[in-house]
Amino acid sequence: MPPETIQHVRVIDSHTAGEPTRVVVDGVPEPAGATMTEKREAFRRDLDWLRSAVVCEPRGHEAMVGALLCKPTRGDCVAGVIFFNNVGVLNGCLHGTMGVAVTLLHMGLVGPGRHQLETPVGVVSISIAEGGAVTVRNIRSYRARKQVAVEVPGHGRVTGDVAWGGNWFFLTDAPAGIAVDFSSLEALTDFAWAVRQALPANGITGDEGGEIDHVEVFGPPGDPAQADSRNFVLCPGKAYDRSPCGTGTSAKLACLHADGRLAPGQPWRQAGILDTVFTGSVEPHPDGGVIPTVTGTAFITMEAVLLIDPAAPFAFGISSPLS
Ligand code: PYC
């Protein structure tokens, strides 16, 4: 139930390669649960008002990703984290993990070096260096289906890979006539959104029916000296990722490795639509797929206390009608 009295919620904002993260550090109840998956379900069920109040307008905006710091349920992790955005909870989020890492450093809760975070999809390790650089060792990532064809209204037959990198992705090359660059945001968004909607309509899911809620479109890098590829990633809620998307980079690394195009330890420089770069590499996982390691940079941008007055209009945010 939404609260009936004014809430003071303390947040710390950062951006990772251009993509914002708002970490909720104080002022909210701890979601109940013995695991982070249970805590995320409690958050989804009981605290949806908080999600939309924190990341949606008028306090946030469509690209804002929220991260609720929780008590970890494991002794080997410094914190638990639940990620969310303008339409719901997320599975994993690596740009957000980098944002959480610099936030914990900023708060003096961790020092530079290696630590572990517990997320609903598994434990990730973070290595924090000087200057905002954070390296995340992600959970097992893998390609579930290779070159799946989907009929996309207005675009014809589109083929791409289905891969898990902490979220489910459909990875495809940009169609002829749409460049993966900042001046084509509208065309890229329309294309990726059409693909996203065509996937369930064609019965295409991740493993165990997992919804493919991220679409990743690839093109050549702007400067091959700086990056190996440039992507555009459309997230659930129809906002594009300003960063190269860490879980999307992980999914890409898994596909490259599966195709024999990326050896263990070999660096891959993934540029995003703003030409900021994540550098990744893989180690093979014994169960198949890979463990990706992704490095990016995150910067603190704001400390604030959000006032949530239940009597005010849009107290709990303007909810997006999308999913
Ligand atoms: O970096 O993994 C990521 C991510 C997911 C959604 C937005 N960013």
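Compute the accessible area per residue over the chain, keeping the other protein chains in place, probe 1.4 Å, unit Å².
Result: 40 Å² per residue.
Ordering 140, 145, 45, 51 from largest to smallest accessible area (1.4 angstrom probe), what's the sequence?
45, 145, 140, 51
With just the Cα atoms defining each centre, how far is region 114-176 from region 257-277? Give it in Å.
12 Å
Going Cα to Cα from residue 71, which lysines come in below 20 Å? Please leave out same-chain ones fewer than 8 positions away.
39
What's the local net charge at residue 189, with K and R +1, D and E -1, over the other residues with C-beta under 14 Å away?
-3
Where Rh denotes the Kirkwood radius from the mean inverse Cα pair distance, what is Rg over Rh for the chain?
Across the chain, the Cα-based Rg/Rh ratio is 0.95.
Treating the beta-carbon of each Lys and Arg as +1 and of each Asp and Glu as -1, no other charges, what is the dipole magnitude of the chain about its Cα centre, to the nearest 20 debye?
Dipole about the Cα centre, nearest 20: 440 debye.
Magnitude of the Cβ-charge dipole of region 34-138, K/R +1 and D/E -1, about the Cα centre, nearest 20 debye?
160 debye
Quick one: what are the phi-derived ³J(HN,Hα) couplings along region 249-260, Karplus 6.51/-1.76/1.60 with θ = phi - 60°, whole Hz, x for glycine and proline?
Whole-Hz 3J(HN,Hα) from phi for region 249-260: 5, 4, 4, 5, 4, 4, 5, 4, 5, 4, 7, x.
Please name which of 100, 127, 67 has its Cα lying farthest along the dipole of region 18-157 towards the positive end, using unit charges on Cβ (Lys, Arg +1; Asp, Glu -1) and the Cα centre as origin.
Result: 127.
If you place +1 on the Cβ of every Lys and Arg, -1 on the Cβ of every Asp and Glu, and leave all else neutral, what size is the dipole of region 232-295 about its Cα centre, to the nearest 20 Debye?
Using Cβ point charges on Lys, Arg, Asp and Glu, region 232-295 gives about 200 debye.
Compute the helix-to-body angle for 36-46: its Cα long axis versus the longest principal axis of the chain, expressed 0 to 90° and rounded to tens.
60 degrees
The values are calculated or read from the model by the stated rules, or taken from the named source; none is laboratory data. Because the structure is predicted, anything quoted here is derived from the model rather than measured. Positions of Cβ are generated from backbone atoms using ideal geometry, with glycine treated the same way; all protein chains shown enter the neighbour counts. Heads up: the accessible areas ignore ligands, DNA and RNA and are worked out on the full protein's heavy atoms, side chains in. Shrake-Rupley method; radii C 1.70, N 1.55, O 1.52, S 1.80 Å.
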